[in-house]
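Trainee: I have a structure I would like to understand better, so I am pasting it below and will then ask my questions one at a time.
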Amino acid sequence: MQTVVIAKGELWLHREGAAPRQITSAFAREVQERDERSRRNSSWKHAPRDSEQQSGVIPANALWGRQQGAPLPPPRFLYACFGPDADTLYYLLRVGESTGLFRLHLSEDREVRLFHRNALAVQGLAWNPADRRLILSVRLHDGTAQLEVYDEEGTLKGAITGGDSIDAAPALVPGSAASVVYQSSGVARHPEQGHLTAVAHATLCQLDYRSGALCILVDDARYDHIAPRQAADGTIYAIRRPVEKPVHERAGHALMDMLLMPVRLLKAVFGYLNFFSMIYGKEPLRSAGGPRSPELDQDLGKLWLHGRMIELRKVRDDPQYAGNLVPASWELVRLRPGHATEVLARHVAGFDLAPDGSLVFTNGYQVSRWQAGHSTVLAKHELVEGLAAGPA
């Protein structure tokens, strides 16, 4: 078995008995080199004039966004899956403002760019070996997402879902020529202005995109069921998590705000004074207590994962996370006809069903394999955002 892992936007290939291999993109490297040459040749255009020298407290680029002539951010791999054999890999890659679909032939280290577009937002990728088709979940401008079918060369064949819903995380059903399982959430819109105002819980659906037959596999208003996989015997695997209620429906939220108000005010005042201390004195106010490690002072930021915003600071401080990327309420569950729902693992940020029937899953920091009731650690990475299992 081999596994591809996306961690901090990087793509890694793990094969049994071999060292991890980082996958890089020749297209991304070419774009960055071209951007660097362009910036070097036109640097005189962006150099500040004497009359434009910074005279304020806050730099202009901090107020108005990225500075002109700034380098492109590092490329980020978004999704990956194995193709018709163990030597073929498909992936989606974002470079600058563009997102592209690529095919990589591993043994030749040959990358084929199928297409790339500006402002393309994708929420899932799957390969159908039966008719050699790719299934993508593509986000539309109105806030919905639909499943689209592409051939192996990246040519769009058509959309197979639609309507006021967010259809994402497609996966193929083994033994079926054109059946796909996916998660679907209905959306609510403003009655007058028409913009999206709320998203319903995620249900699990199965669609045969040749016959059009659609059935709902799991629909529980208390939980989101996301990233489904279906085994050959009909068993469904998915991540289950409690539905995130709107703020006005959360019991005790107003009381909690009142209790935390003094703490939040103190933090705001301290942050305000610390900002001016850094600007004028070049020293932070919180230096007392000994030297601080870079990990404590860095801005941990946020990560968008399965439609939820993960505040990375909580990973360190919140006991619900216990050092994992997601809380314990994110559970890997197994649903078998005629059986109660089984919880196989907790703190699950992503998983995939391997061809041999085993499961590969991650808590965001290590990748593990679950088989016959036992789990073993396969690899360790920082901030694992996705993975895919493939043949040996």
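The values are calculated or read from the model by the stated rules, or taken from the named source; none is laboratory data. No experiment lies behind these values; they were computed from the predicted model shown. Neighbour counts run over all protein chains shown; Cβ positions are idealised from the backbone, glycine included. Surface areas here come from the heavy atoms of the whole protein model, side chains and all, with no ligands, DNA or RNA. Shrake-Rupley method; radii C 1.70, N 1.55, O 1.52, S 1.80 Å.
Trainee: Report the calculated FRET efficiency for Ser277 and Lys302 (r = Cβ-Cβ distance, R0 = 35 Å), to the nearest 0.05.
Mentor: The calculated FRET efficiency here is 0.85.
Trainee: Could you calculate the FRET efficiency of Leu259 with Asn118 from 1/(1 + (r/R0)^6), where r is the beta carbon distance between them and R0 is 45 Å, rounded to 0.05?
Mentor: Numbers: r = 46 Å, r/R0 = 1.03.
For R0 = 45 Å, the calculated efficiency reads 0.45.
Trainee: Extending each Cα 7 Å along its Cβ direction at Asp85 and Ser375, get the distance between those two points in nm, one decimal.
Mentor: Going from the Asp85 label point to the Ser375 one covers 3.5 nm.
Trainee: Going by accessible area, probe 1.4 Å, with all protein chains left in place, what is the ranking of Glu30, Glu148, Glu16, largest first?
Mentor: Glu16, Glu30, Glu148
Trainee: Exactly which GluC sites (Glu not before Pro) in region 321-392 are in a DSSP loop and have at most 15 other Cβ atoms within 10 Å? Don't skip to the answer; put the middle values down first.
Mentor: Numbers: sites: Glu331, Glu342, Glu382, Glu385; in loops: Glu382.
Loop-located and lightly packed - Glu382.
Trainee: Over 26 Å between Cα atoms, which of Lys314/Lys380; Lys157/Lys302; Lys157/Lys245; Lys8/Lys157 qualify?
Mentor: Flagged as over cut-off: Lys157/Lys302; Lys157/Lys245; Lys8/Lys157.
Trainee: Determine the order of His306, His105 by accessible area, beginning with the largest, at a probe radius of 1.4 Å.
Mentor: Accessible-area ranking of His306, His105, largest first: His306, His105.
Trainee: Which residues among region 137-161 fall inside the zone where the amide N is under 15 Å from a point 7 Å beyond the Cα of Arg189, along Cα→Cβ?
Mentor: What the label zone holds, given the 15 Å backbone N cut-off, is 140-146.
Trainee: Next up: Compare Tyr272, Tyr79 by solvent-accessible area with a 1.4 Å probe and give them largest first, with all protein chains kept in place.
Mentor: Order by accessible area, largest first: Tyr272, Tyr79.
Trainee: Excluding ligands and nucleic acids, what accessible area in Å² is computed for Arg229 using a 1.4 Å probe, to the nearest 10?
Mentor: Ignoring ligands and nucleic acids, Arg229 comes out at about 50 Å².
Trainee: Here's a follow-up. Tell me the label-point distance for the pair Ala26, Val243, using the 7 Å Cα-to-Cβ offset, in nm and rounded to one decimal.
Mentor: Those two pseudo-labels are separated by 5.0 nm.
Trainee: Also: Would you calculate the separation in nanometres between label points at Glu97 and Ala198, each defined as 7 Å from the Cα along the Cα-to-beta-carbon direction?
Mentor: Modelled inter-label distance: 3.6 nm.
Trainee: Could you calculate the FRET efficiency of Val343 with Thr235 from 1/(1 + (r/R0)^6), where r is the beta carbon distance between them and R0 is 22 Å, rounded to 0.05? Can you show the working numbers first?
Mentor: Values: r = 14 Å, r/R0 = 0.65.
E(calc), rounded to 0.05, equals 0.95.
Trainee: On a C-alpha basis, how far is the centre of region 69-91 from the centre of region 338-392 in Å? Whole number, if you could?
Mentor: Spelled out, the Cα-based centre of one part sits 21 Å from the other.
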